[in-house]
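Taken together, the values in this text are just the output of simple stated rules run on the coordinates, not laboratory data. Quick caveat: nothing in here was measured; it's all calculated off a predicted structure. Cβ placement follows ideal geometry from the backbone for every residue including glycine, while neighbour counts extend to all protein chains displayed.
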Ligand SMILES: [Zn+2]
């Protein structure tokens, strides 16, 4: 075929110039030319802006391929042959028509650092996504994701996660384990809550949750960029809490005593705790007071205070956001009384 000859010319020039990369972008291809597999040392293969609807099995000979770009094509499935391309570090499959991500194929891509699946029709990611232990960037912008598997918590190297424009109603609490996360984009979903553990992501600098259904933020926010327009945030017209004297149960008092002892490295109670698994289970649901940092089993009162992003956090936005506070006692409530308000849920 005439374009076949032209393509071979392109291929030879590309291979001579860059040694091991082949650029076949925008060539009107409906399939991957057979000659591609005759370059087993190929490390970069660019095939974007074509009309490729499936990948041939002969691609499995490209065992040194580290970058594959198939953006802007007509793929309907996550290609099965990718399971043989375990050397891949960057995989771009944006703007295709993929609706299912094959667990088998993705589970074999343990060297991936960048995975871009933007603008497809994907409803769910298989748990095998957790096997991509080297993944740093996962981008799923504009898909139909309804939930994210808890296994994303295994992606310890993940620094950027883009989930904008999906149908997520919650984020998995295991996100807490992605301690290297720096940028989290989850705008335009249906989130009603952010997992409380998100505050443990100390490297997180950018959080975009605009256009969701959030009413309140977790405790102790520390992001340098926060986008939260168009949510259902509690307005700054709350009802002050009517203070009531505390009447703590014996169980609560005992739990608080034990929790304080647990903080001391050499206390007898701390050392004996491993022998009482039931007590451990009970105490695992404990929390800390926003005001005094003291431990408690049951919140004395859950309330909200308002943080001005500009004034209190030095951010550019002058928005005021509601932040959840958990208090252990009337004393702590009174210490900053005027700042805390009850949350009126309708
Ligand atoms: Zn307190």
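Here residue 317 and residue 272 are evaluated by their C-beta separation; at R0 = 35 Å the FRET efficiency comes out at 0.10. For the chain, set up a GNM with springs between Cα atoms under 10 Å and report which of 264, 331, 311 has the largest fluctuation. Comparing 264, 331, 311 in the GNM, the peak value goes to 264. Of all the options 253, 91, 62, the one that moves most in a Gaussian network model of the chain with Cα springs shorter than 10 angstrom is 253. The ratio of the alpha-carbon radius of gyration of the chain to the globular-protein estimate 2.2 N^0.38 Å is 1.29. With the convex hull constructed from alpha-carbon coordinates only, segment 15-113 shows a mean projected area of 5.6 nm² over all directions.
Each of residue 87 and residue 280 was given a label point 7 Å from its Cα along the Cα-to-Cβ line. The distance between the two points is 4.6 nm.
As a rough guide to protection, the peptides 114-120, 149-155 ranked by mean Cβ packing within 10 Å, highest first, stand as 114-120, 149-155. By the Cα gyration tensor, segment 275-324 has an equivalent ellipsoid whose semi-axes, rounded to whole angstrom, run 34, 11, 9 from largest to smallest. For segment 291-315, the residues whose backbone nitrogen is under 18 Å from a point 7 Å from the Cα of residue 335, taken along Cα to Cβ, are 291-306.
The value obtained for segment 239-342, namely the Cα convex hull volume divided by the number of residues, is 126 Å³ per residue.
Paramagnetic label reach from residue 169 (point 7 Å along Cα→Cβ; backbone nitrogen cut-off under 12 Å): within segment 183-220, residues 190-193. Give me the one-decimal nm value for the distance between modelled label points at residue 156 and residue 250, 7 Å along each residue's Cα-to-Cβ direction. With each label placed 7 Å out from Cα toward Cβ, I get 4.5 nm.
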